[in-house]
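S.K.: Supplied in structure tokens, the structure appears directly below.
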Amino acid sequence: MTGPAPERERVVGIDIGTTHACVAIVEGGVPMVIPSSQGQTLLPALVAIGDQEQRLIGHLARRQSVIFSEHTATSLKRLVGRKYSSQAVRQVADMVGYRILAGANDEPQAALRGENILIGDLYTTIVAELKRTAEGYLNQPVAKAVLTVPVHFTDAQRQAAREAAQRAGLEVLRILQEPVAAGIAYGIGQGESKPQRIAVYSLGGGAFEFTLLSLRGSALEVQAHAHDFMLGGEEFDRRILDW
């Protein structure tokens, strides 16, 4: 007589954007975004401190941001892994509703209701929420993940994303560049043998990017890339509001 079959360990894929984040799994060879318990597949990438000093994540944080933008941290992806003294952080600080201050080792931190929180820790909060979503859907613990990051992320930014996931209790098996992950999810390279070049355009909440991928065998590689990390949906919104 044999006991119950052991649970198959699941590996999740996590993508955190400037405005939204999501977590996915592969089912029967097909990638699938995991919905929350409310049926939503996208989590707003916001963290806020509520009037009872509770931490709000995702949709709850976005609702508060309409009235209390000064207590809601946004654009975390644009800040993670950067130095407070960098020009990029100064650009972001000029456009968000909350204050960004210098923390230890020149790491930026958000000032929310009198509490100063490192950007890396806020990034961890979002990863941890996605982990909980996956565990609730799969009804089992999740301990391993693949992360996606933009091509233009520096080594410091990639390491900051990895450390944020580790603090959330995830072992990062691999970090994939976003256009490569998009190509894989689209099925490029499956059953193909001849070399190809694939153009990937991405207009997200925070950046506009063009990437040229090359396919050799089943391997996708970035051949060329250009981006503007301050040209995305948030800039469209701001221009409309100014007008």
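S.K.: Take segment 96-108 and flag every residue that is assigned to a strand (DSSP E or B) and open to solvent by 30 Å² or more (accessible area, probe 1.4 Å).
M.R.: Passing the criteria: R99, L101, A102.
S.K.: Residue pairs, Cβ under 6 Å, 6 or more apart or interchain, first in segment 91-111 and more than 20 Å from I49 (Cβ to Cβ), second open to solvent by 40 Å² or more (accessible area, probe 1.4 Å). List them.
M.R.: D106/K83; D106/Y84; D106/S85
S.K.: Please go through segment 72-88 and pick out each residue that is assigned to a strand (DSSP E or B) and within 21 Å of F153 (Cα to Cα).
M.R.: Answer for segment 72-88, where residues must be assigned to a strand (DSSP E or B) and within 21 Å of F153 (Cα to Cα): just A73.
S.K.: Pull up segment 182-220, narrow it to residues that are of a type in the set (D, E, K, R) and either surrounded by 12 or more Cβ atoms within 10 Å (Cβ to Cβ) or within 20 Å of the chain's Cα centre (by Cα) (or both), then point me to the one that is nearest to G29 (Cα to Cα). Outline the logic, then answer.
M.R.: Initially, segment 182-220 is screened for residues of a type in the set (D, E, K, R), giving 192, 194, 197, 209, 216.
In the following step, the residues that additionally are either surrounded by 12 or more Cβ atoms within 10 Å (Cβ to Cβ) or within 20 Å of the chain's Cα centre (by Cα) (or both) were identified as 192, 209, 216.
On the way: E192: 17, E209: 28, R216: 21 Å.
Checked segment 182-220; the qualifying residue nearest to G29 (Cα to Cα) is E192.
S.K.: Can you tell me which residue within segment 52-69, out of those that are touching a residue at least 40 places away in the same chain (Cβ under 8 Å) and open to solvent by 30 Å² or more (accessible area, probe 1.4 Å), is farthest from A160 (Cα to Cα)?
M.R.: Looking at residues that are touching a residue at least 40 places away in the same chain (Cβ under 8 Å) and open to solvent by 30 Å² or more (accessible area, probe 1.4 Å), I get E53.
S.K.: Further question on the same structure: How many residues does segment 155-175 hold that are outside any helix (DSSP H, G or I), touching a residue at least 40 places away in the same chain (Cβ under 8 Å) and either open to solvent by less than 30 Å² (accessible area, probe 1.4 Å) or closer than 15 Å to G120 by Cα (or both)? Lay out the reasoning, then the answer.
M.R.: Here is the first cut: in segment 155-175, the residues outside any helix (DSSP H, G or I) are 168-175.
Next, from what is left, pick out any that are touching a residue at least 40 places away in the same chain (Cβ under 8 Å): 168-170, 173.
Next, from what is left, pick out any that are either open to solvent by less than 30 Å² (accessible area, probe 1.4 Å) or closer than 15 Å to G120 by Cα (or both): 168-170.
Summing the residues that are outside any helix (DSSP H, G or I), touching a residue at least 40 places away in the same chain (Cβ under 8 Å) and either open to solvent by less than 30 Å² (accessible area, probe 1.4 Å) or closer than 15 Å to G120 by Cα (or both) in segment 155-175 gives 3.
S.K.: I'd like to check something: does segment 132-154 contain any residue that is assigned to a helix (DSSP H, G or I), in contact (Cβ under 8 Å) with a residue 24 or more places away in the chain, farther than 26 Å from Q54 by Cα and open to solvent by 60 Å² or more (accessible area, probe 1.4 Å)?
M.R.: no
S.K.: Considering segment 19-34 alone, what residues qualify as being of a type outside the set (G, A, S) and either in a strand (DSSP E or B) or open to solvent by 40 Å² or more (accessible area, probe 1.4 Å) (or both)?
M.R.: Matches in segment 19-34: T19, H20, C22, V23, I25, V26, E27, V30, P31, M32, V33.
S.K.: Let me ask another. Which one is least open to solvent (accessible area, probe 1.4 Å), of the residues in segment 116-131 that are among the aliphatic types (A, V, I, L, M) and not in a helix (DSSP H, G or I)?
M.R.: The extreme case among them is I117.
S.K.: Let me ask something additional. Given the structure, is Q91 assigned to a helix (DSSP H, G or I), buried (at least 16 other Cβ atoms within 10 Å of the Cβ) and polar (S, T, N, Q)? Steps first, please.
M.R.: Values: assigned to a helix (DSSP H, G or I): yes; buried (at least 16 other Cβ atoms within 10 Å of the Cβ): no; polar (S, T, N, Q): yes.
Here the answer is no, as Q91 does not meet what is asked.
The values are calculated or read from the model by the stated rules, or taken from the named source; none is laboratory data. From a predicted model like this one, the values you see are computed outputs, not experimental measurements. Quick reminder, even Gly has a Cβ in these numbers, built from the backbone with ideal geometry, and neighbours come from all protein chains shown. The protein model used for the area step is the full one, side chains on, heavy atoms only, and it has no ligands, DNA or RNA in it. Shrake-Rupley method; radii C 1.70, N 1.55, O 1.52, S 1.80 Å.
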